[in-house]
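These notes concern the structure reproduced below.
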Amino acid sequence: MAGVIPPTYADVESAAARLLGHAHRTPVLTSSRVDDEVGARVFFKCENFQRMGAFKFRGAFNALSRFDDEQRRAGVVAYSSGNHAQAIALSARLLGIPATIVMPHDAPAAKVAATRGYGATVVSYDRYAEDREAIGRALAATRGLTLVPPYDHADVIAGQGTAAKELIEEVDGLDALFVCLGGGGLLSGSLLAAQALSPSTRVYGVEPAAGDDGQRSLRSGEIVHIDTPDTIADGAQTQHLGELTFAIIRREVDDIHTATDAELVDAMRVFASTLKIVVEPTGCLAFAAVRRLAPELAGQRIGVLVSGGNVDLARYAELISRPAPAR
Ligand SMILES: *Cc1c(COP(=O)(O)O)cnc(C)c1O
């Protein structure tokens, strides 16, 4: 099966070549107000400006680009209600590959519409009674479709690593890089890039406090499984890291931090008011940790991966108008 051999930095480089001219090279933003507040120089790699609104386009496009003719004809299947679904749907359309996306029957109408808008076939399932992975696997087996998982796949990890590669190539001498963490595709790809290009840069994952399985996995040395965490960071509501992602994270990461929902909302407000950008709750994880750890980061050069900006506007307005938490 493709994708099960652990990726290396060479795969991140090949992914970058495949993405050239297809993915956006997203901007790196800075703000002297943020720098003053944090007491460090902060460089934001803004994947909220990536195609379809999140870094997931990188991994999806890279994985689909590697399909052979037979796989292209038969098509791709993915299960997701979030950014991975849209990333697969858009990449498939660009590459002329039929896409089937398995989504819960109660997924937000806007997300179903966006996925259909990219030309994908949506298969819905009852999330309380059926298992999406089993449905995905059954579709793959009966129709010859190729399943592309959201994070535990070498081509997905390599694609996600291209964002950190761009940041490190653009900004010299980063002391530390903070990366949002769900299943670990973005973090493990970033670790491959940092290890190869800037080994002295410390790299940290940041996951929701309500779902600290990554931190616990790192401490215990084996993948910890949890129930779906209750957090506004819907892109990081994963129940466990992947085999491939954990192997890289365990070997390379400096540490894993957490952020509470209140800290995410706080960071979301700073993004809106100071940087003038819309960032979804999951995309705020890395910056939230930097704000909390500011005293330890004084005077350093800090990279922050802003992972995505897909949030329903009414939901966004509701979140940023919540009373500010006591700090
Ligand atoms: C998927 C996603 C994440 C988490 O990425 P993993 O590769 O699963 O760790 C973070 N932020 C956003 C916006 C996402 O869509």
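The values are calculated or read from the model by the stated rules, or taken from the named source; none is laboratory data. It should be emphasised that the depicted structure is a prediction, and the values quoted were computed from it without experimental measurement. Glycine also receives a Cβ, built like all others from the backbone with ideal geometry; neighbour counts cover every protein chain displayed.
Some points to look at:
- Strands (runs of 3 or more DSSP E) contained in region 67-139 and holding at least 1 residues over 22 Å from Gly183 (Cβ atoms) and of a type in the set (S, T, N, Q): 121-125
- When region 30-65 is filtered for residues that are assigned to a helix (DSSP H, G or I), more than 16 Å from the ligand (Cβ to nearest atom) and touching an Asp or Glu at 6+ places or on another chain (Cβ under 9 Å), the ones remaining, listed by number, are Leu64, Ser65.
- Scan of region 212-238 for residues that are at pLDDT below 95 and assigned to a helix (DSSP H, G or I), ordered by number: Asp234, Gly235, Ala236
- One residue alone among Ala120, Ala140, Ala163 is modelled with pLDDT of 95 or more, over 30 Å from Ala194 (Cβ atoms) and surrounded by 15 or more Cβ atoms within 10 Å (Cβ to Cβ), and that residue is Ala120.
Every residue, every condition in (1) of a type in the set (D, E, K, R); (2) under 22 Å from Leu167 (Cα atoms); (3) without any contact (Cβ under 8 Å) to a residue 40 or more places away in the chain; (4) away from the ligand (no atom under 13 Å from the Cβ), yes or no:
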site: Ala193; (1), (2), (3), (4): no, yes, no, yes
site: Glu207; (1), (2), (3), (4): yes, yes, no, no
site: Gln215; (1), (2), (3), (4): no, no, no, yes
site: Asp227; (1), (2), (3), (4): yes, no, yes, yes
site: Thr274; (1), (2), (3), (4): no, yes, no, yes
site: Ala298; (1), (2), (3), (4): no, yes, no, yes
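- Residue ID - surrounded by the most Cβ atoms within 10 Å (Cβ to Cβ), chosen from residues in region 1-54 that are among the small types (Gly, Ala, Ser) and over 23 Å from Gly185 (Cβ atoms): Ala40
- Applying the set (1) in contact (Cβ under 8 Å) with a residue 60 or more places away in the chain; (2) outside any helix (DSSP H, G or I); (3) touching a strand residue (DSSP E or B) at 6+ places or on another chain (Cβ under 7 Å) to Gly183 leaves exactly one unmet item: (3).
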